[in-house]
Amino acid sequence: MKRLPIALAIAVVCVAAGHSALESADLIFSNANVYTANDAQPHADAIAIKGDRIVFVGSEVGANAYRGSGTRVVDLGGQTVVPGLTDSHYHLAGVGDRELTLNLEGIVTLEDFLAAVKARVDKASPGQWITGRGWIETFWKPPVFPTRWDLDKISPNNPVFLTRADGHGAVANSAALKIANVTKATPSPFGGQILKDKKTGEPTGMLLDNAKGLVTNHIPPSTQADLERALLKGVERSIKLGWCEIQNAGARYSEVELLRKLYGDGRIKLRIYEAIYGPGPDAQRLLREGANIGAFGNRMTTRHIKVVLDGALGSRGAALLEPYSDAETSGFLTQKEEDLAPMLVQALRQGIQVETHAIGDRANRVILDLYERALEAVPADQRKVRDPRWRVEHAQIVSPVDIPRFARLGIIPSMQPSHAISDLHFAPSRLGIKRLEGAYAWASFIKSGSIIAGGSDAPVERGEPMIEFYAAVARKDQKGFSGEGWHPEQAVSREQALKMFTIWAAYAAFEEGLKGTIEGGKLADLTVLSADIMKIPEPEILKTRCVVTVIGGEIVYNPAR
Ligand SMILES: [Zn+2]
(Lines give C-alpha, C1' and ligand atoms only; values in the text may rest on other atoms or scores of the structure.)
Protein backbone atom coordinates (compact mmCIF):
# COMPACT_ATOMS: atom_id res chain seq x y z
CA MET A 1 0.00 0.00 0.00
CA LYS A 2 2.86 2.39 0.72
CA ARG A 3 4.31 2.09 -2.76
CA LEU A 4 1.52 3.82 -4.63
CA PRO A 5 1.90 7.38 -3.26
CA ILE A 6 5.68 7.27 -3.87
CA ALA A 7 5.21 6.23 -7.47
CA LEU A 8 2.67 9.00 -7.97
CA ALA A 9 4.95 11.59 -6.43
CA ILE A 10 7.77 10.65 -8.80
CA ALA A 11 5.42 10.90 -11.74
CA VAL A 12 4.30 14.39 -10.71
CA VAL A 13 7.90 15.60 -10.35
CA CYS A 14 8.78 14.25 -13.78
CA VAL A 15 5.84 15.95 -15.45
CA ALA A 16 6.56 19.26 -13.73
CA ALA A 17 10.24 19.15 -14.68
CA GLY A 18 9.30 18.15 -18.20
CA HIS A 19 7.23 21.25 -18.69
CA SER A 20 9.40 23.96 -17.26
CA ALA A 21 13.13 23.88 -16.73
CA LEU A 22 14.07 20.98 -19.03
CA GLU A 23 11.92 21.46 -22.03
CA SER A 24 11.86 25.02 -23.22
CA ALA A 25 11.62 24.57 -26.99
CA ASP A 26 13.98 25.99 -29.60
CA LEU A 27 11.24 26.35 -32.16
CA ILE A 28 7.45 26.35 -32.09
CA PHE A 29 5.23 26.19 -35.16
CA SER A 30 1.90 27.69 -34.17
CA ASN A 31 -1.39 28.32 -35.98
CA ALA A 32 -0.80 25.26 -38.15
CA ASN A 33 -3.03 22.67 -39.79
CA VAL A 34 -1.06 19.59 -38.80
CA TYR A 35 -1.70 16.11 -40.19
CA THR A 36 0.46 13.81 -38.09
CA ALA A 37 0.01 10.45 -39.89
CA ASN A 38 -0.30 9.07 -36.34
CA ASP A 39 -3.63 7.26 -35.96
CA ALA A 40 -3.68 7.90 -32.20
CA GLN A 41 -3.66 11.69 -32.75
CA PRO A 42 -4.28 12.43 -36.42
CA HIS A 43 -4.60 16.23 -36.24
CA ALA A 44 -3.00 19.08 -34.28
CA ASP A 45 -2.56 22.87 -34.26
CA ALA A 46 1.00 23.36 -33.05
CA ILE A 47 4.38 21.66 -32.78
CA ALA A 48 7.25 22.33 -30.36
CA ILE A 49 10.79 21.30 -31.25
CA LYS A 50 13.99 21.05 -29.22
CA GLY A 51 17.24 20.23 -30.91
CA ASP A 52 16.46 17.79 -33.68
CA ARG A 53 13.36 16.31 -31.97
CA ILE A 54 9.69 17.02 -31.63
CA VAL A 55 8.89 17.56 -27.94
CA PHE A 56 5.20 18.32 -28.28
CA VAL A 57 2.41 18.14 -30.79
CA GLY A 58 -1.14 19.23 -29.98
CA SER A 59 -3.01 22.42 -29.08
CA GLU A 60 -1.75 26.03 -29.15
CA VAL A 61 -2.02 26.19 -25.38
CA GLY A 62 -0.10 22.96 -24.96
CA ALA A 63 2.70 24.16 -27.25
CA ASN A 64 2.88 27.50 -25.43
CA ALA A 65 3.90 25.69 -22.28
CA TYR A 66 7.21 25.00 -24.04
CA ARG A 67 7.80 28.65 -24.78
CA GLY A 68 10.91 30.08 -23.14
CA SER A 69 12.93 33.25 -23.61
CA GLY A 70 15.04 31.70 -26.38
CA THR A 71 12.16 30.05 -28.27
CA ARG A 72 11.57 31.07 -31.87
CA VAL A 73 7.87 31.03 -32.69
CA VAL A 74 6.79 30.71 -36.32
CA ASP A 75 3.14 31.49 -37.02
CA LEU A 76 2.19 29.40 -40.05
CA GLY A 77 -1.05 31.29 -40.69
CA GLY A 78 -3.07 28.08 -40.90
CA GLN A 79 -0.81 26.40 -43.45
CA THR A 80 -0.75 22.62 -43.71
CA VAL A 81 2.04 20.59 -42.12
CA VAL A 82 2.72 16.91 -42.80
CA PRO A 83 5.52 14.64 -41.57
CA GLY A 84 8.70 15.30 -43.57
CA LEU A 85 8.06 13.52 -46.86
CA THR A 86 10.17 10.57 -47.95
CA ASP A 87 10.64 9.36 -51.50
CA SER A 88 11.20 5.62 -51.16
CA HIS A 89 12.65 5.11 -54.64
CA TYR A 90 14.85 7.83 -56.03
CA HIS A 91 18.04 8.13 -58.04
CA LEU A 92 19.73 11.18 -56.56
CA ALA A 93 22.67 11.51 -58.94
CA GLY A 94 20.33 10.89 -61.87
CA VAL A 95 18.05 13.71 -60.71
CA GLY A 96 21.03 16.06 -60.48
CA ASP A 97 22.35 14.90 -63.84
CA ARG A 98 19.00 15.58 -65.47
CA GLU A 99 19.24 19.20 -64.35
CA LEU A 100 22.86 19.50 -65.49
CA THR A 101 22.85 17.71 -68.87
CA LEU A 102 20.65 17.45 -71.95
CA ASN A 103 17.14 17.01 -70.55
CA LEU A 104 14.78 15.52 -73.13
CA GLU A 105 11.68 15.33 -70.93
CA GLY A 106 8.33 16.56 -72.11
CA ILE A 107 9.18 16.52 -75.85
CA VAL A 108 6.14 15.40 -77.82
CA THR A 109 7.43 15.00 -81.40
CA LEU A 110 10.39 13.30 -83.04
CA GLU A 111 11.22 16.59 -84.81
CA ASP A 112 11.48 18.52 -81.53
CA PHE A 113 13.54 15.71 -80.04
CA LEU A 114 16.00 15.86 -82.94
CA ALA A 115 16.10 19.68 -82.79
CA ALA A 116 17.00 19.59 -79.09
CA VAL A 117 19.80 17.11 -79.71
CA LYS A 118 21.04 19.04 -82.74
CA ALA A 119 21.37 22.23 -80.68
CA ARG A 120 23.73 20.30 -78.38
CA VAL A 121 25.63 18.69 -81.26
CA ASP A 122 26.23 22.10 -82.86
CA LYS A 123 28.06 23.24 -79.74
CA ALA A 124 30.14 20.07 -79.30
CA SER A 125 33.81 19.68 -80.20
CA PRO A 126 34.83 17.00 -82.75
CA GLY A 127 34.55 13.52 -81.32
CA GLN A 128 32.81 14.67 -78.13
CA TRP A 129 30.07 12.34 -76.84
CA ILE A 130 26.55 13.74 -76.71
CA THR A 131 24.58 12.16 -73.88
CA GLY A 132 21.16 12.99 -72.52
CA ARG A 133 18.10 11.52 -70.91
CA GLY A 134 14.36 11.72 -70.52
CA TRP A 135 12.84 11.09 -73.96
CA ILE A 136 9.72 9.00 -74.25
CA GLU A 137 8.13 8.15 -77.59
CA THR A 138 4.64 7.44 -76.23
CA PHE A 139 3.22 10.77 -77.45
CA TRP A 140 5.08 10.86 -80.77
CA LYS A 141 3.18 10.13 -83.96
CA PRO A 142 3.66 7.29 -84.63
CA PRO A 143 4.75 6.25 -81.11
CA VAL A 144 7.85 4.30 -82.18
CA PHE A 145 11.41 4.32 -80.86
CA PRO A 146 13.86 6.72 -82.56
CA THR A 147 16.63 5.09 -84.60
CA ARG A 148 20.32 5.53 -85.32
CA TRP A 149 19.34 6.82 -88.77
CA ASP A 150 17.20 9.60 -87.26
CA LEU A 151 20.19 10.66 -85.18
CA ASP A 152 22.69 10.32 -88.05
CA LYS A 153 20.83 13.11 -89.87
CA ILE A 154 21.69 15.59 -87.11
CA SER A 155 24.94 14.06 -85.88
CA PRO A 156 26.87 12.21 -88.58
CA ASN A 157 30.20 12.50 -86.73
CA ASN A 158 29.78 12.96 -82.98
CA PRO A 159 28.76 9.81 -81.09
CA VAL A 160 25.31 10.19 -79.51
CA PHE A 161 23.76 8.11 -76.70
CA LEU A 162 20.36 9.15 -75.33
CA THR A 163 18.65 7.30 -72.51
CA ARG A 164 14.90 6.83 -72.46
CA ALA A 165 13.05 8.29 -69.46
CA ASP A 166 12.78 4.82 -67.88
CA GLY A 167 16.56 4.38 -67.87
CA HIS A 168 16.17 0.89 -69.35
CA GLY A 169 16.35 1.77 -73.03
CA ALA A 170 18.65 4.06 -74.99
CA VAL A 171 19.24 5.05 -78.60
CA ALA A 172 22.70 5.38 -80.11
CA ASN A 173 23.68 6.82 -83.50
CA SER A 174 25.91 5.07 -86.05
CA ALA A 175 29.07 6.83 -84.83
CA ALA A 176 28.47 5.49 -81.30
CA LEU A 177 27.68 1.97 -82.54
CA LYS A 178 30.86 2.03 -84.62
CA ILE A 179 33.03 2.96 -81.63
CA ALA A 180 31.38 0.15 -79.66
CA ASN A 181 31.70 -2.22 -82.60
CA VAL A 182 28.03 -3.17 -82.47
CA THR A 183 27.07 -4.67 -85.83
CA LYS A 184 24.58 -6.98 -87.47
CA ALA A 185 26.64 -9.87 -86.15
CA THR A 186 26.69 -8.77 -82.49
CA PRO A 187 24.49 -11.05 -80.37
CA SER A 188 22.27 -9.58 -77.63
CA PRO A 189 24.00 -10.01 -74.27
CA PHE A 190 22.32 -11.82 -71.37
CA GLY A 191 19.66 -9.61 -69.81
CA GLY A 192 19.60 -7.18 -72.70
CA GLN A 193 18.56 -6.73 -76.27
CA ILE A 194 20.02 -5.10 -79.37
CA LEU A 195 16.98 -4.21 -81.45
CA LYS A 196 17.55 -5.06 -85.11
CA ASP A 197 15.76 -4.11 -88.32
CA LYS A 198 13.40 -6.94 -89.25
CA LYS A 199 14.40 -6.87 -92.96
CA THR A 200 18.11 -6.07 -92.98
CA GLY A 201 19.18 -7.34 -89.55
CA GLU A 202 21.05 -4.07 -88.93
CA PRO A 203 20.95 -2.73 -85.34
CA THR A 204 18.37 0.07 -85.18
CA GLY A 205 20.36 1.91 -82.51
CA MET A 206 17.95 0.92 -79.71
CA LEU A 207 19.65 -0.90 -76.87
CA LEU A 208 17.76 -2.36 -73.94
CA ASP A 209 19.04 -2.97 -70.41
CA ASN A 210 22.34 -4.92 -70.37
CA ALA A 211 22.88 -4.17 -74.08
CA LYS A 212 23.35 -0.48 -73.21
CA GLY A 213 26.64 -1.44 -71.59
CA LEU A 214 28.10 -2.32 -75.01
CA VAL A 215 28.12 1.41 -75.75
CA THR A 216 28.31 3.01 -72.30
CA ASN A 217 31.62 1.21 -71.69
CA HIS A 218 33.07 3.52 -74.33
CA ILE A 219 31.70 6.79 -72.95
CA PRO A 220 34.31 8.59 -70.83
CA PRO A 221 33.26 7.93 -67.22
CA SER A 222 32.01 10.84 -65.16
CA THR A 223 34.59 12.10 -62.69
CA GLN A 224 34.12 12.36 -58.91
CA ALA A 225 33.74 16.12 -59.47
CA ASP A 226 30.86 15.50 -61.92
CA LEU A 227 29.25 13.13 -59.44
CA GLU A 228 29.61 15.63 -56.61
CA ARG A 229 27.95 18.33 -58.71
CA ALA A 230 25.10 16.00 -59.62
CA LEU A 231 24.54 14.85 -56.03
CA LEU A 232 24.49 18.38 -54.64
CA LYS A 233 22.15 19.53 -57.39
CA GLY A 234 19.87 16.58 -56.66
CA VAL A 235 19.88 17.38 -52.93
CA GLU A 236 19.07 21.04 -53.53
CA ARG A 237 16.15 20.20 -55.80
CA SER A 238 14.78 17.54 -53.42
CA ILE A 239 14.69 19.84 -50.41
CA LYS A 240 12.92 22.58 -52.39
CA LEU A 241 10.20 20.11 -53.31
CA GLY A 242 9.69 19.13 -49.68
CA TRP A 243 11.52 15.82 -49.53
CA CYS A 244 13.23 15.32 -46.16
CA GLU A 245 14.56 11.86 -47.00
CA ILE A 246 15.20 10.01 -50.20
CA GLN A 247 15.81 6.29 -50.42
CA ASN A 248 18.42 6.03 -53.13
CA ALA A 249 17.79 2.95 -55.25
CA GLY A 250 21.33 1.85 -56.02
CA ALA A 251 24.87 3.19 -55.80
CA ARG A 252 28.46 2.07 -55.79
CA TYR A 253 30.82 2.56 -52.85
CA SER A 254 32.56 5.43 -54.64
CA GLU A 255 29.29 7.37 -54.23
CA VAL A 256 28.91 6.29 -50.60
CA GLU A 257 32.38 7.62 -49.84
CA LEU A 258 31.66 10.89 -51.60
CA LEU A 259 28.39 11.31 -49.68
CA ARG A 260 30.19 10.65 -46.40
CA LYS A 261 32.69 13.38 -47.22
CA LEU A 262 29.91 15.81 -48.13
CA TYR A 263 28.01 15.04 -44.90
CA GLY A 264 31.25 15.40 -42.92
CA ASP A 265 31.73 18.85 -44.46
CA GLY A 266 28.15 19.79 -43.56
CA ARG A 267 27.13 20.21 -47.19
CA ILE A 268 24.10 17.87 -47.18
CA LYS A 269 21.08 18.21 -44.90
CA LEU A 270 18.79 15.77 -46.74
CA ARG A 271 18.55 12.27 -45.22
CA ILE A 272 19.63 9.48 -47.54
CA TYR A 273 18.91 5.77 -47.22
CA GLU A 274 21.50 4.49 -49.62
CA ALA A 275 21.21 1.13 -51.40
CA ILE A 276 24.31 -0.65 -52.72
CA TYR A 277 24.10 -2.39 -56.09
CA GLY A 278 24.34 -6.17 -56.11
CA PRO A 279 25.21 -8.88 -56.75
CA GLY A 280 28.87 -8.01 -57.19
CA PRO A 281 31.87 -6.59 -55.36
CA ASP A 282 30.03 -3.58 -53.87
CA ALA A 283 27.35 -5.82 -52.34
CA GLN A 284 30.05 -8.18 -51.07
CA ARG A 285 31.71 -5.25 -49.34
CA LEU A 286 28.44 -4.31 -47.61
CA LEU A 287 27.92 -7.93 -46.54
CA ARG A 288 31.46 -8.00 -45.16
CA GLU A 289 31.48 -4.63 -43.43
CA GLY A 290 27.86 -4.80 -42.25
CA ALA A 291 25.24 -2.11 -41.98
CA ASN A 292 26.08 1.49 -41.16
CA ILE A 293 22.97 2.95 -39.56
CA GLY A 294 22.11 6.56 -38.76
CA ALA A 295 25.47 8.21 -39.44
CA PHE A 296 25.78 12.02 -39.36
CA GLY A 297 22.85 12.57 -36.99
CA ASN A 298 20.56 9.93 -38.49
CA ARG A 299 21.13 11.34 -41.96
CA MET A 300 22.80 8.49 -43.78
CA THR A 301 22.23 4.75 -43.61
CA THR A 302 23.71 1.96 -45.72
CA ARG A 303 22.11 -1.35 -44.85
CA HIS A 304 20.60 -2.70 -48.03
CA ILE A 305 21.37 -4.14 -51.45
CA LYS A 306 19.60 -3.15 -54.67
CA VAL A 307 19.08 -5.82 -57.33
CA VAL A 308 17.63 -5.18 -60.79
CA LEU A 309 15.79 -8.30 -61.98
CA ASP A 310 14.15 -7.22 -65.24
CA GLY A 311 13.69 -4.32 -67.64
CA ALA A 312 10.81 -1.87 -67.95
CA LEU A 313 7.35 -2.05 -69.47
CA GLY A 314 7.76 0.88 -71.87
CA SER A 315 10.77 -0.67 -73.60
CA ARG A 316 9.24 -4.19 -73.33
CA GLY A 317 12.08 -5.47 -71.18
CA ALA A 318 9.86 -6.25 -68.17
CA ALA A 319 9.75 -10.06 -67.80
CA LEU A 320 6.18 -11.30 -68.30
CA LEU A 321 4.63 -14.73 -67.74
CA GLU A 322 2.89 -14.50 -71.15
CA PRO A 323 4.05 -12.59 -74.25
CA TYR A 324 3.39 -8.88 -74.65
CA SER A 325 0.10 -8.11 -76.34
CA ASP A 326 1.77 -5.82 -78.89
CA ALA A 327 5.04 -7.65 -79.72
CA GLU A 328 6.50 -11.13 -80.00
CA THR A 329 8.51 -11.06 -76.80
CA SER A 330 8.00 -11.79 -73.11
CA GLY A 331 10.79 -9.49 -71.95
CA PHE A 332 13.77 -10.84 -70.02
CA LEU A 333 15.37 -11.26 -66.61
CA THR A 334 18.58 -9.28 -66.06
CA GLN A 335 20.01 -11.52 -63.31
CA LYS A 336 20.52 -15.23 -63.02
CA GLU A 337 18.72 -16.95 -60.16
CA GLU A 338 21.87 -18.90 -59.25
CA ASP A 339 23.76 -15.62 -58.73
CA LEU A 340 21.09 -14.24 -56.42
CA ALA A 341 20.24 -17.20 -54.21
CA PRO A 342 23.54 -17.40 -52.28
CA MET A 343 23.64 -13.62 -51.81
CA LEU A 344 20.14 -13.68 -50.29
CA VAL A 345 21.14 -16.32 -47.74
CA GLN A 346 24.24 -14.32 -46.85
CA ALA A 347 22.17 -11.15 -46.49
CA LEU A 348 19.83 -12.79 -43.97
CA ARG A 349 22.75 -14.01 -41.89
CA GLN A 350 24.42 -10.57 -41.98
CA GLY A 351 21.28 -8.52 -41.32
CA ILE A 352 21.29 -6.86 -44.71
CA GLN A 353 18.02 -5.79 -46.33
CA VAL A 354 17.45 -6.55 -50.01
CA GLU A 355 15.32 -4.61 -52.48
CA THR A 356 14.73 -5.92 -55.96
CA HIS A 357 13.47 -4.12 -59.05
CA ALA A 358 10.72 -6.33 -60.50
CA ILE A 359 8.25 -4.88 -62.99
CA GLY A 360 6.80 -7.80 -64.95
CA ASP A 361 4.61 -10.53 -63.41
CA ARG A 362 7.31 -13.11 -64.15
CA ALA A 363 10.05 -11.08 -62.44
CA ASN A 364 7.75 -10.58 -59.44
CA ARG A 365 7.03 -14.30 -59.15
CA VAL A 366 10.70 -15.22 -59.53
CA ILE A 367 11.81 -12.83 -56.79
CA LEU A 368 9.01 -13.90 -54.43
CA ASP A 369 10.11 -17.51 -54.95
CA LEU A 370 13.76 -16.63 -54.36
CA TYR A 371 12.97 -14.57 -51.25
CA GLU A 372 10.73 -17.34 -49.91
CA ARG A 373 13.39 -20.01 -50.38
CA ALA A 374 16.02 -17.89 -48.64
CA LEU A 375 13.67 -17.11 -45.74
CA GLU A 376 13.02 -20.83 -45.32
CA ALA A 377 16.71 -21.70 -45.55
CA VAL A 378 17.64 -19.21 -42.80
CA PRO A 379 15.03 -19.34 -40.02
CA ALA A 380 14.46 -16.23 -37.87
CA ASP A 381 16.77 -17.33 -35.04
CA GLN A 382 19.67 -17.61 -37.48
CA ARG A 383 19.17 -14.13 -38.91
CA LYS A 384 20.92 -11.05 -37.65
CA VAL A 385 17.66 -9.12 -38.14
CA ARG A 386 14.66 -11.36 -37.48
CA ASP A 387 12.21 -9.45 -39.67
CA PRO A 388 14.37 -8.50 -42.65
CA ARG A 389 11.70 -6.34 -44.38
CA TRP A 390 12.86 -7.19 -47.86
CA ARG A 391 11.31 -5.11 -50.59
CA VAL A 392 10.19 -5.41 -54.17
CA GLU A 393 10.71 -2.18 -56.07
CA HIS A 394 7.84 -1.32 -58.45
CA ALA A 395 5.81 -4.58 -57.97
CA GLN A 396 4.16 -3.16 -61.02
CA ILE A 397 2.52 -6.04 -62.90
CA VAL A 398 1.78 -8.81 -60.41
CA SER A 399 -0.32 -11.89 -61.01
CA PRO A 400 -3.34 -11.50 -58.67
CA VAL A 401 -2.48 -14.84 -57.01
CA ASP A 402 0.93 -13.46 -56.03
CA ILE A 403 -0.35 -10.26 -54.39
CA PRO A 404 -1.20 -11.87 -50.99
CA ARG A 405 2.23 -13.54 -50.90
CA PHE A 406 3.82 -10.17 -50.13
CA ALA A 407 2.00 -9.73 -46.80
CA ARG A 408 2.33 -13.42 -45.95
CA LEU A 409 6.12 -13.31 -46.40
CA GLY A 410 6.52 -9.85 -44.85
CA ILE A 411 7.80 -8.42 -48.12
CA ILE A 412 7.15 -4.75 -48.78
CA PRO A 413 5.96 -3.52 -52.16
CA SER A 414 7.69 -0.21 -52.93
CA MET A 415 5.57 1.48 -55.58
CA GLN A 416 5.53 4.71 -57.59
CA PRO A 417 2.05 6.17 -58.18
CA SER A 418 3.25 8.38 -61.05
CA HIS A 419 4.19 5.29 -63.06
CA ALA A 420 0.52 4.34 -63.18
CA ILE A 421 -0.53 7.72 -64.54
CA SER A 422 2.29 7.86 -67.10
CA ASP A 423 1.91 4.25 -68.17
CA LEU A 424 -1.86 4.33 -68.56
CA HIS A 425 -1.26 5.62 -72.08
CA PHE A 426 0.64 2.54 -73.24
CA ALA A 427 0.26 -0.23 -70.64
CA PRO A 428 -3.13 -1.44 -72.01
CA SER A 429 -1.59 -2.06 -75.46
CA ARG A 430 1.49 -3.77 -73.96
CA LEU A 431 -0.51 -5.96 -71.55
CA GLY A 432 -4.09 -6.25 -72.81
CA ILE A 433 -7.09 -5.55 -70.59
CA LYS A 434 -7.02 -8.77 -68.55
CA ARG A 435 -3.52 -8.31 -67.10
CA LEU A 436 -4.34 -4.78 -65.92
CA GLU A 437 -6.11 -6.42 -62.95
CA GLY A 438 -2.80 -6.88 -61.18
CA ALA A 439 -1.16 -3.73 -62.53
CA TYR A 440 -0.25 -0.91 -60.13
CA ALA A 441 -2.69 -2.63 -57.76
CA TRP A 442 -2.19 -0.42 -54.71
CA ALA A 443 -5.58 -1.02 -53.10
CA SER A 444 -5.31 -4.79 -53.55
CA PHE A 445 -1.92 -4.80 -51.83
CA ILE A 446 -3.22 -2.78 -48.89
CA LYS A 447 -6.33 -4.94 -48.64
CA SER A 448 -4.18 -8.07 -48.53
CA GLY A 449 -2.34 -6.68 -45.49
CA SER A 450 0.67 -4.99 -47.09
CA ILE A 451 1.91 -1.50 -46.49
CA ILE A 452 3.29 0.35 -49.53
CA ALA A 453 6.45 2.43 -49.51
CA GLY A 454 5.72 5.30 -51.90
CA GLY A 455 8.28 6.73 -54.28
CA SER A 456 8.74 8.48 -57.61
CA ASP A 457 11.66 6.67 -59.28
CA ALA A 458 12.96 10.10 -60.34
CA PRO A 459 14.48 10.83 -62.83
CA VAL A 460 12.28 8.21 -64.53
CA GLU A 461 9.43 10.45 -63.38
CA ARG A 462 9.51 14.10 -62.29
CA GLY A 463 10.12 13.23 -58.63
CA GLU A 464 7.64 15.74 -57.21
CA PRO A 465 5.72 14.82 -54.05
CA MET A 466 2.49 16.48 -55.15
CA ILE A 467 2.45 14.58 -58.47
CA GLU A 468 2.90 11.33 -56.52
CA PHE A 469 0.22 12.17 -53.95
CA TYR A 470 -2.20 13.20 -56.70
CA ALA A 471 -1.48 10.06 -58.76
CA ALA A 472 -2.10 7.81 -55.74
CA VAL A 473 -5.49 9.31 -54.91
CA ALA A 474 -6.73 10.22 -58.41
CA ARG A 475 -5.21 7.46 -60.55
CA LYS A 476 -5.74 9.75 -63.55
CA ASP A 477 -3.16 11.57 -65.62
CA GLN A 478 -2.40 15.19 -64.88
CA LYS A 479 -5.15 16.32 -67.24
CA GLY A 480 -7.71 14.15 -65.43
CA PHE A 481 -7.76 11.38 -68.04
CA SER A 482 -8.00 7.69 -67.21
CA GLY A 483 -8.45 5.06 -69.91
CA GLU A 484 -10.76 2.09 -70.18
CA GLY A 485 -10.01 -0.73 -67.75
CA TRP A 486 -7.67 1.38 -65.65
CA HIS A 487 -9.19 0.13 -62.39
CA PRO A 488 -10.15 3.34 -60.58
CA GLU A 489 -10.86 1.20 -57.49
CA GLN A 490 -7.10 0.73 -57.09
CA ALA A 491 -6.69 4.39 -56.08
CA VAL A 492 -5.95 4.90 -52.37
CA SER A 493 -7.45 7.24 -49.76
CA ARG A 494 -5.64 10.46 -48.89
CA GLU A 495 -4.77 9.06 -45.46
CA GLN A 496 -3.18 6.03 -47.13
CA ALA A 497 -1.37 8.20 -49.68
CA LEU A 498 0.09 10.30 -46.86
CA LYS A 499 1.29 7.16 -45.11
CA MET A 500 2.94 5.88 -48.29
CA PHE A 501 5.27 8.89 -48.24
CA THR A 502 5.74 9.12 -44.46
CA ILE A 503 5.29 6.34 -41.91
CA TRP A 504 5.16 3.44 -44.38
CA ALA A 505 8.27 4.73 -46.12
CA ALA A 506 9.93 4.96 -42.70
CA TYR A 507 8.91 1.39 -41.87
CA ALA A 508 10.42 0.15 -45.13
CA ALA A 509 13.74 1.58 -43.87
CA PHE A 510 13.42 0.37 -40.23
CA GLU A 511 12.96 4.02 -39.23
CA GLU A 512 9.38 4.03 -37.90
CA GLY A 513 10.56 4.58 -34.32
CA LEU A 514 12.53 7.63 -35.41
CA LYS A 515 10.39 9.37 -37.99
CA GLY A 516 7.41 9.12 -40.33
CA THR A 517 4.83 10.68 -38.00
CA ILE A 518 4.63 13.98 -36.15
CA GLU A 519 4.92 12.64 -32.62
CA GLY A 520 6.78 13.58 -29.46
CA GLY A 521 10.29 12.10 -29.37
CA LYS A 522 10.63 11.70 -33.13
CA LEU A 523 12.96 13.60 -35.43
CA ALA A 524 11.58 17.03 -36.30
CA ASP A 525 11.23 16.55 -40.05
CA LEU A 526 8.31 18.52 -41.46
CA THR A 527 6.98 19.54 -44.85
CA VAL A 528 4.80 22.67 -44.92
CA LEU A 529 2.45 22.96 -47.90
CA SER A 530 0.63 25.84 -49.59
CA ALA A 531 -2.75 24.07 -49.45
CA ASP A 532 -4.64 21.43 -47.48
CA ILE A 533 -3.97 18.36 -49.62
CA MET A 534 -6.23 16.24 -47.42
CA LYS A 535 -9.29 18.33 -48.40
CA ILE A 536 -8.84 20.31 -51.65
CA PRO A 537 -10.27 19.05 -54.98
CA GLU A 538 -7.89 16.63 -56.72
CA PRO A 539 -6.68 18.93 -59.53
CA GLU A 540 -5.58 21.50 -56.93
CA ILE A 541 -3.17 19.01 -55.39
CA LEU A 542 -1.00 19.47 -58.50
CA LYS A 543 -0.85 23.23 -57.88
CA THR A 544 0.19 22.78 -54.26
CA ARG A 545 3.77 23.75 -53.40
CA CYS A 546 6.19 23.09 -50.58
CA VAL A 547 6.63 26.37 -48.69
CA VAL A 548 8.93 25.27 -45.86
CA THR A 549 11.10 22.19 -45.37
CA VAL A 550 12.33 21.31 -41.88
CA ILE A 551 14.93 18.60 -41.32
CA GLY A 552 16.03 17.73 -37.80
CA GLY A 553 14.49 20.90 -36.36
CA GLU A 554 16.32 23.10 -38.84
CA ILE A 555 14.47 25.16 -41.45
CA VAL A 556 16.40 24.14 -44.56
CA TYR A 557 14.10 25.66 -47.17
CA ASN A 558 11.95 28.73 -46.76
CA PRO A 559 11.79 30.99 -49.78
CA ALA A 560 9.40 33.46 -48.12
CA ARG A 561 11.73 34.48 -45.29
ZN1 LIG B 1 14.57 3.05 -60.14
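The values are calculated or read from the model by the stated rules, or taken from the named source; none is laboratory data. Given the structure is predicted, the values throughout are model-derived calculations rather than measurements. With ideal geometry, Cβ positions are generated from the backbone for all residues, glycine too; neighbour counts draw on all protein chains shown. For accessibility, only protein heavy atoms count, side chains too; no ligands or nucleic acids. Shrake-Rupley method; radii C 1.70, N 1.55, O 1.52, S 1.80 Å.
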- Message: I'd like to check something: does the range 72-86 contain any residue that is within 16 Å of the ligand (Cβ to nearest atom) and not basic (Lys, Arg)?
- Response: yes
- Note down all Cβ pairs under 9 Å where the first residue falls in the range 377-405 and is assigned to a helix (DSSP H, G or I), the second is within 16 Å of the ligand (Cβ to nearest atom), and they're at least six residues apart or on different chains. 403/395; 403/413
- Task: Give 367, 397 a once-over and let me know the one that is over 27 Å from residue 293 (Cα atoms) and either within 16 Å of the ligand (Cβ to nearest atom) or among the β-branched types (Val, Ile, Thr) (or both).
- Result: 397
- Item | Condition check for residue 166: of a type in the set (Asp, Glu) and at pLDDT 95 or above | no
- Item | Unique match (being buried (at least 17 other Cβ atoms within 10 Å of the Cβ) and over 28 Å from residue 46 (Cβ atoms)) among 531, 508, 524 | 508
- Query: Of the residues in the range 425-469, how many are of a type outside the set (Ser, Thr, Tyr) and within 24 Å of residue 495 (Cα to Cα)?
  - Reply: 26
- Message: Checking residue 325 against (1) open to solvent by less than 60 Å² (accessible area, probe 1.4 Å); (2) in contact with a Leu (Cβ under 7 Å, 6 or more places away or on another chain), only one condition comes out false. Which one?
- Response: (1)
- Among residues of the range 341-369, those that are within 23 Å of the chain's Cα centre (by Cα) and either free of Cβ contacts under 8 Å to residues at least 24 places away in the same chain or closer than 18 Å to residue 414 by Cβ (or both), counted: 18
- From the set of residues in the range 97-108 that are in a helix (DSSP H, G or I) and away from the ligand (no atom under 15 Å from the Cβ), which is nearest to residue 138 (Cα to Cα)? 99
- Message: Can you tell me how many residues within the range 117-155 are in a loop (DSSP other than H, G, I, E, B), at pLDDT 95 or above and among the basic types (Lys, Arg)?
- Response: 0
- Query: Can you spot a residue in the range 381-394 that is in contact with a Leu (Cβ under 9 Å, 6 or more places away or on another chain), open to solvent by less than 20 Å² (accessible area, probe 1.4 Å) and either modelled with pLDDT under 95 or away from the ligand (no atom under 16 Å from the Cβ) (or both)?
  - Reply: yes
- Which ones in the range 51-67 are touching a residue at least 60 places away in the same chain (Cβ under 8 Å), of a type outside the set (Val, Ile, Thr) and crowded, with 19+ Cβ neighbours inside 10 Å? 56
- On the given criteria, is residue 402 modelled with pLDDT of 95 or more and acidic (Asp, Glu)? yes
- Item | Output for the range 454-481, where each listed residue is in a strand (DSSP E or B) and within 11 Å of the ligand (Cβ to nearest atom) | 458
- Query: Filtering the range 172-197 down to residues that are in contact with a Lys or Arg (Cβ under 7 Å, 6 or more places away or on another chain) and surrounded by 22 or more Cβ atoms within 10 Å (Cβ to Cβ), which residue is nearest to residue 459 (Cα to Cα)?
  - Reply: 172
- Answer from 260, 237, 252, 229 - the residue that is among the basic types (Lys, Arg), surrounded by fewer than 21 Cβ atoms within 10 Å (Cβ to Cβ) and within 16 Å of the ligand (Cβ to nearest atom): 252
- Query: In this structure, is residue 331 away from the ligand (no atom under 16 Å from the Cβ) and surrounded by fewer than 23 Cβ atoms within 10 Å (Cβ to Cβ)?
  - Reply: no
- residue 284 meets each of (1) open to solvent by less than 50 Å² (accessible area, probe 1.4 Å); (2) at pLDDT 95 or above with one exception, condition (1)
- Message: Let me confirm something: among 411, 421, 403, 451, which residue is open to solvent by 20 Å² or more (accessible area, probe 1.4 Å) and away from the ligand (no atom under 16 Å from the Cβ)?
- Response: 451
